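Accompanying notes for the structure given below.
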There are 2 protein chains.
Amino acid sequence: MGEFDLIDRFFRRPAGAAAAGVALGIGDDCALLAPAPGMQLAVSSDLLLEGRHFLSTVDPVRLGHKALAVNLSDLAACGARPLAFTLALALPGADESWLAGFSQGLLALARTHGCALVGGDTTRGPLAICITVFGEVPTGQALLRSGAQAGDDLYVSGTLGDARLALEAFRGTVQLPAAVFEAARARLEQPTPRVALGLALRGIATSAIDVSDGLLGDLGHVLAASGLGAAIELPAAAGLLAARGQAHAADLPEQSLQWRCVLAGGDDYELAFTAPQARRDAVLAAARSAATSVSRIGRIEAQHGIRLLDAEGRAVPHEFRSFDHFA
Amino acid sequence: MGEFDLIDRFFRRPAGAAAAGVALGIGDDCALLAPAPGMQLAVSSDLLLEGRHFLSTVDPVRLGHKALAVNLSDLAACGARPLAFTLALALPGADESWLAGFSQGLLALARTHGCALVGGDTTRGPLAICITVFGEVPTGQALLRSGAQAGDDLYVSGTLGDARLALEAFRGTVQLPAAVFEAARARLEQPTPRVALGLALRGIATSAIDVSDGLLGDLGHVLAASGLGAAIELPAAAGLLAARGQAHAADLPEQSLQWRCVLAGGDDYELAFTAPQARRDAVLAAARSAATSVSRIGRIEAQHGIRLLDAEGRAVPHEFRSFDHFA
C-alpha cells in the first residue's frame, strides 16, 4: 500500500453534503477554507507523540478520537464552531488494522462535530500525530484568556482528575477497583471536548481556557493574561473527581493524591471559565443547553496568585505545579 | 528553561505592525485569523522528521528556513499570499544554541513573506517539525491541479535535480567538485519557495503544483486531476540541472543519474505549471515580474501517461518513479 492509497483508503471520504466553509478538501497543494462573512477563523495545533502523550498499547480507535478531541477542546475554549482540520501523521509502517481503527475513531468524532479532514501529510517515522484545527467565531466574540474581571465567579465543566488517576493506575502507583479504573481510563483515552458549552458561553463567560495541563497551571494562564488572582473553595472542588462517587473511600488513593489529580492532574479537557456573579442564571442555562455540568468553585480576585480556601475560608498551603514538557 | 520560557524567548516576537489578517497571535487557546472579504484561506501542513526529511547534522538556521519554505511552496502552487503559520515542535531537549539558529532561519523567512507565527505546540521527543501554513487567495482564483487543458504548454520554474544531486553526494554515491556540491547543498537545505511566481501566475496558469517528490510524480498528480497526459521534450529539460552549468561534464555523474535527478529527484520546491499556448508572453511577463526563471519543457496531451521525447520527437522509454514514503 503506497502513501496515496493509504490516504484514499483510510482518510478520504466522499464530500457528500460538503462541509459549509470548506471550498476544497484533500487532494491539492492546499485546502481552501471559506469562512462566512463576519467570521474569524480560530486555529489551534497539537502534536501527540507515542510514549509521551499516549501509551503504545492504546486502542487506535480511542487514539484517533483523542487526537482530534484535544484540538476541538481548544476551539471550545475560544467559543469557536469546528469547521475543518489537517492531519500530519508519521507512522512506523502501513499497519492496516491500526489505520482502520485510528481513522474510525478520528472520523467519527469529526462527523459528530461537522469538522472535515481537508488535508495533511503522511510520512514514515516514529508514531506522531499533528492536527491543526480550524473553527469559526463571529468577529469580537471569541472567549479569550485575558477577559477575567475581579469579582467574577470561577467555574469548571464536568469532572477533573480522573484522567490523571488512570495514568497513576497505569504507572502502578495506585490500585483501583476495575469499574473505577475503566471509567477513569475512558476519561484519559477518550476525552469529550466541550464544544457545545464553549458556544453556549459566548457573550456570558468573560474568559475561558481548556484544562489540559492541570487546573492550577491553566488557571494561572488566565490570571496572567488578565492580571488578576483567584481563590478556589476546596469544599466546592472536592466533588470534581468522578471516582469519588464511584468507589468507597477505602478503595481510593489517599486524599492528597486525589487533590493532586483534581488540581494539577492534566489531560482533563474540561473548560475553566469566568463569568460575572450577575450572570449565574445565564451560566446555568448555557450548561443545560449544552447538556454539560458546570461547578462554581471560586472567584477571581484583584490579589495575584491562587489561594486554596478550606471550609472556614482559611488559606491552605500547597505546592502543586503545572505540567511542563521542558521543566 | 521551561516550555513557556522557551516559546517566549525564541518564538514570540513583538506584534509591531501586526500582520494584516491576524487578529490574535501566540498566547491563547487559539489564534484568530481574519481573512479580508472575498478571500479564501489556503491551508497546507507538512511534517519533517530528523533522519527522514533532513540530516541530523544540518545547520539549524537552514533547517528553520526549510521547514517553513516547504509549506510556503504549497501556498505558491495555489497562488496564495502567505498570511500566518503554526509550529508544532518536538525537541529532544531545550538546546539553546540549536533553538537560536532554528528560530533565526524560520523567522527570517517568515518576515520576508509577511507570514506571522501565530501559535503551535512544543513537546519533548525525537526532533519533529510540523508546520501548518495559511495564505489568502481571492475566491475562485486559486491555482489547482485540475485545470490543465490538452494543448497547454508545460513549464517549470528555476532548476531541477540539484537537491537530489546533493543528497547523492551526502550518501557517497557521487563525488562533486566542492563549489558544485555547496551550490547543490544550498538547494537541498535552503529551497526558495516560488511565492511571487505563484501570485503572478494567477489568471494565467491553468494548473500548478509544487515539485517536492520529483517532476514526473508530481506532474502525474496534475494529469490525474485533469484527466490528461503530457509530453516532455528532453532537450528542453536538459538544462534544468544547475550543476551542468557549474562543472565540466567529466566532473558530473553519468547522464542517466543526471536525468534521474531532474525527472525524479525530489526536494526541488519549484513550480510545475501549465498555461495556454496563447499566453506565452503573459507567462514570461509573470516570470520577469517575479524575478524567477521559467522553462517551457513540453505540452499537455489528451493521451494519458507521460511521454519523454528526444530531439527527433521519438518517445524514450523510462522507469522513473516518484518518491513514496510507504511504497
Check your understanding: Carbon-plus-sulfur fraction of the accessible area of the stretch B:257-327, 1.4 Å probe, in percent?
Key -> 49
Point to revise | Reciprocal mean inverse distance between Cα atoms of chain A - Kirkwood radius, Å | key: 20.6
Review point. Using a Förster distance of 56 Å, how high is the FRET efficiency between B:V316 and B:D8, based on the Cβ-Cβ distance and rounded to 0.05?
Key: 0.50
**Study point:** Dipole magnitude of chain B, debye to nearest 20 (Cβ charges: Lys/Arg +1, Asp/Glu -1, about Cα centre)
**Key:** 660
Practice item. List the residues of the stretch A:51-93 whose accessible area drops by at least 30 Å² when all protein chains are present, compared with their chain alone, using a 1.4 Å probe and counting only protein heavy atoms. Key: A:R52, A:C78, A:T86, A:A88
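Averaged over its residues, how many other protein chain Cβ atoms are within 10 Å of peptide B:245-258's Cβ atoms?
For this peptide, the per-residue mean of nearby foreign Cβ atoms is 0.
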Exercise for review: Quickly work out the B:T139-to-A:A150 label distance, labels modelled 7 Å from Cα along the C-beta direction, and quote it in nm with one decimal.
Suggested key: 4.7
Revision key, fill the gap. The rounded separation in angstrom of the Cα centers of the stretch B:61-93 and the stretch B:164-216 is 16
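Share of the stretch A:1-61's accessible area from carbon and sulfur, percent, 1.4 Å? Could the numbers behind the result be given before it?
Details: 1530 of 2810 Å².
The value for the stretch A:1-61 is 54 percent carbon and sulfur by accessible area.
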Exercise for review: Would you work out the charge dipole size for the stretch B:149-292 about its Cα centre, treating the Cβ of every Lys and Arg as +1 and the Cβ of every Asp and Glu as -1, and quote it to the nearest 20 debye?
Suggested key: 260
Practice item. Kindly identify residues of the stretch A:195-213 having a loss of at least 10 Å² in accessible area between the isolated chain and the assembly of all protein chains, probe radius 1.4 Å. Key: A:D213
Check your understanding: What are the residues of the stretch B:31-48 that lose 40 Å² or more of accessible area, with a 1.4 Å probe, going from their chain alone to all protein chains?
Key -> B:L32, B:L33, B:Q40, B:L41, B:V43, B:S45, B:L47
**Study point:** Relative contact order %, chain B, counting alpha carbon pairs below 8 Å whose residues are six or more apart
**Key:** 22
Review point. Can you give the accessible area of B:E189 in Å² (nearest 10), computed on protein heavy atoms with a 1.4 Å probe?
Key: 20
Review point. If the convex hull of the alpha-carbon atoms of the protein assembly as shown is projected onto planes in all directions, what is the mean projected area in square nanometres?
Key: 29.8
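For n ≥ 4 DSSP H runs only, could you compute -39500 (n - 2.57) per run for chain A, divide by its residues and tell me the 222 nm figure to the nearest 500?
Value at 222 nm, helices only, nearest 500: -10000 deg cm²/dmol.
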Revision key, fill the gap. For chain A, longest principal axis from Cα atoms; helix A:215-226 axis from its Cα atoms; angle between them, nearest 10 degrees, is 90
Review point. Roughly how many Å² of B:M1 are accessible to a 1.4 Å probe, to the nearest 10?
Key: 70
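Send over a whole-number figure in Å² for the accessible area per residue of the stretch B:142-284, probe 1.4 Å.
Values: 4990 Å² over 143 residues.
With all protein chains present, the stretch B:142-284 gives 35 Å² per residue.
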Practice item. For B:W98, tell me the accessible area in Å² from a 1.4 Å probe, rounded to the nearest 10. Key: 50
Revision key, fill the gap. For the stretch B:163-245, the percent of accessible surface on carbon and sulfur atoms (probe 1.4 angstrom, ligands and nucleic acids excluded) is 50
Exercise for review: For B:M1 and B:L284, compute 0.36 nm times the residue count separating them, minus their Cα-Cα distance, and round to one decimal in nm.
Suggested key: 96.7 nm
**Study point:** B:V58 versus A:E96: modelled label distance in nm, points set 7 Å from Cα along the beta carbon direction
**Key:** 3.4
Exercise for review: Report, in debye and to the nearest 20, how large the dipole of the protein assembly as shown comes out about its Cα centre when Lys and Arg carry +1 and Asp and Glu carry -1 on their Cβ.
Suggested key: 1040
Check your understanding: Rounded to the nearest 100 Å², what is the sum over both chains of accessible area buried where A meets B, with a probe of 1.4 Å?
Key -> 4900
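Based on the Cα atoms of the stretch B:152-222, what semi-axes does the equivalent ellipsoid have, where each is the square root of 5 times one gyration tensor eigenvalue, given in whole Å with the largest first?
They are 28, 14, 9 Å, listed from largest to smallest.
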Study note, to complete from the structure: Taking the alpha-carbon centre of each part, the distance from the stretch B:98-147 to the stretch A:259-274 in Å is 31
Check your understanding: With contacts defined as alpha carbon pairs under 8 Å and 6 or more residues apart, what's the relative contact order of the stretch B:158-212 in percent?
Key -> 34
Revision key, fill the gap. In Å², rounded to a whole number, the accessible area per residue of the stretch A:1-132 with probe 1.4 Å is 34
Review point. When only Cα pairs under 8 Å and 6 or more residues apart are kept, what is the percent relative contact order across the stretch A:39-187?
Key: 32
Check your understanding: Between B:Q175 and A:A249, how many nm apart are label points set 7 Å from Cα along the C-beta direction?
Key -> 8.1
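The values are calculated or read from the model by the stated rules, or taken from the named source; none is laboratory data. This structure is a prediction, so every number in the text was calculated from the model and none was measured. Note that each Cβ is placed from the backbone with ideal geometry, even for glycine, and that neighbours are counted across all protein chains shown. Areas reflect the complete protein model, heavy atoms only, side chains present, ligands, DNA and RNA absent. Shrake-Rupley method; radii C 1.70, N 1.55, O 1.52, S 1.80 Å.
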